[in-house]
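The values are calculated or read from the model by the stated rules, or taken from the named source; none is laboratory data. Since the model is a prediction, treat every value here as computed from it, not as a measurement. Quick reminder, even Gly has a Cβ in these numbers, built from the backbone with ideal geometry, and neighbours come from all protein chains shown. All accessible areas refer to the heavy atoms of the entire protein, side chains included, with ligands and DNA or RNA removed. Shrake-Rupley method; radii C 1.70, N 1.55, O 1.52, S 1.80 Å.
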Amino acid sequence: MTLKCLIVDDELMARKALERLCDKRNELEVAAICEDAEEALKVLKSQEIDLLFLDVELLGLNGLQLLDQLPYMPLVIMTTSKTEYAFDAFQYQVNDYLKKPITLPRFMQAIDKILEQKNSVAAKTDTSPKIDSNDIFVKEEGRYIRLAYQDILYIENVGDYAKIRTNRGSHVIYTTMKTLEEKLPVSIFFRVHRSFIINLSKIVDIEESNLVIEEKVIPISWN
């Protein structure tokens with residue numbers, strides 16, 4: 001699998017650094033490099049880009065304004081020297097968020113995550129019953145329980161189990177966070193930490209390193 005990439009950053013050294021990092025992965029092909037959103041928009045309208053490396057603070061249109069004007073939505077990795085755009089990243093459902101200066105291990109981790117998302121298509125091997133797109137069935141103590149997405153506040157990893165916190169209480173099920181993440185719609189849920197998946201609409205407050213849902217303080221980690 002080869003992903004056609006577009007790098008958008010108004011800093012020359014940042015563009016070159018990202019290009020060098022991309023060269024270290026055979027799966028990545030840098031199709032274009034732009035220094036502003038207007039130029040990037042022309043590229044995105046003229047060809048199909050699979051993966052967009054997007055700096056937030058650009059001259060003219062910023063990165064978020066560019067996302068609002070995209071003709072289609074590629075995979076997106078935000079790159080920025082600040083963490084204050086974390087909430088915006090949640091809202092746009094970006095695939096990852098790299099804080100500058102970007103290290104090689106962190107870059108590799110982000111690309112592995114992107115490729116994993118691309119590869120995890122169809123083929124659901126479980127036999128759990130399914131209904132419409134507003135609900136999920138989870139198996140707890142030998143029986144299936146129907147949970148509406150709107151009732152789920154967050155999901156927390158507890159060893160070999162996952163605790164699903166809802167408006168009415170909690171459900172502890174035997175599964176992995178990865179399995180749940182693949183089942184839940186990315187337009188509603190976002191994995192903010194290796195141990196937490198949150199419902200975006202339930203966020204009460206957000207700071208640099210954590211957010212609050214009801215009275216629960218949940219850590220944010222992009223590593």
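Quick one: 3J(HN,Hα) in Hz for the range 88-97, Karplus 6.51/-1.76/1.60 with θ = phi - 60°, rounded, Gly and Pro as x.
Computed from phi, the couplings for the range 88-97 are 4, 4, 4, 4, 8, 6, 5, 7, 6, 9 Hz.
What ³J(HN,Hα) values, in whole Hz, does the Karplus curve 6.51 cos²θ - 1.76 cosθ + 1.60 give for the range 64-81 when θ = phi - 60°, with x put for Gly and Pro?
5, 5, 5, 4, 5, 9, 5, x, 7, 10, x, 5, 10, 10, 6, 10, 7, 8
What are the residues whose amide H is under 5 Å from the amide H of Leu61, where those residues sit 5 or more places off or on another chain and H is modelled from the backbone?
Sorted by chain and number, the residues that satisfy this are Ala37, Glu38.
Considering amide H positions built from the backbone, and no H for Pro or chain starts, which residues 5 or more places from Leu98, or on another chain, come under 5 Å of its amide H?
Here the answer is Met78, Thr79, Thr80, since their amide H atoms fall under 5 Å of that of Leu98.
State the label only: which of [x] 10.8; [y] 13.0; [z] 12.2 corresponds to mean projected area of the Cα convex hull in nm² computed from the shown model?
So the calculated entry is the one marked [y].
Give the cross-link partners of Lys216 among the aspartates and glutamates, using a straight C-alpha distance below 19 Å as the criterion and excluding same-chain residues fewer than 8 apart.
Asp151, Glu156, Asp205, Glu207, Glu208
Check Ile213: other-chain or 5+ apart residues with amide H under 5 Å from its amide H, H built from backbone geometry?
Hits under the 5 Å cutoff: Val204, Ile218.
Just how much of Glu208 is accessible, in Å², when a 1.4 Å probe is used and the result is rounded to the nearest 10?
Per-residue accessible area (Glu208): approximately 130 Å².
Just read off the accessible area of Met13 with the full protein assembly in place, 1.4 Å probe, to the nearest 10 Å².
Rounded to the nearest 10, that gives 130 Å².
Mind checking the full-extension length gain between Glu215 and Arg106? Use 0.36 nm per residue of separation minus the Cα-Cα distance, one decimal, nm. It would help to have the intermediate numbers written out before the result.
On the way: separation 109, 0.36 × 109 = 39.24 nm, distance 3.10 nm.
Separation in residues times 0.36 nm, less the Cα-Cα distance, equals 36.1 nm.
Can you tell me the FRET efficiency between Ser46 and Leu147 if r is taken as the Cβ-Cβ distance and R0 is 45 Å, rounded to the nearest 0.05? All intermediate terms of the calculation are to be shown ahead of the outcome.
Numbers: r = 43 Å, r/R0 = 0.97.
After rounding, the FRET efficiency stands at 0.55.
Report the gain in length on full extension from Ser201 to Phe87: 0.36 nm times residue separation, minus Cα-Cα distance, nm rounded to one decimal. Let's see the in-between values first.
Working: separation 114, 0.36 × 114 = 41.04 nm, distance 1.14 nm.
Extra length from Ser201 to Phe87 when fully extended: 39.9 nm.
Exceeding 31 Å between C-alpha atoms, which entries from my cross-link table qualify? They are Lys45/Lys99; Lys24/Lys139; Lys82/Lys118; Lys42/Lys178; Lys42/Lys100; Lys42/Lys99.
Values: Lys45/Lys99 27 Å; Lys24/Lys139 42 Å; Lys82/Lys118 27 Å; Lys42/Lys178 36 Å; Lys42/Lys100 26 Å; Lys42/Lys99 26 Å.
In this structure, Lys24/Lys139; Lys42/Lys178 exceed 31 Å between Cα atoms.
Any idea of Asp135's accessible area? Nearest 10 Å², probe 1.4 Å.
Using a 1.4 Å probe on the heavy atoms, I get roughly 20 Å².
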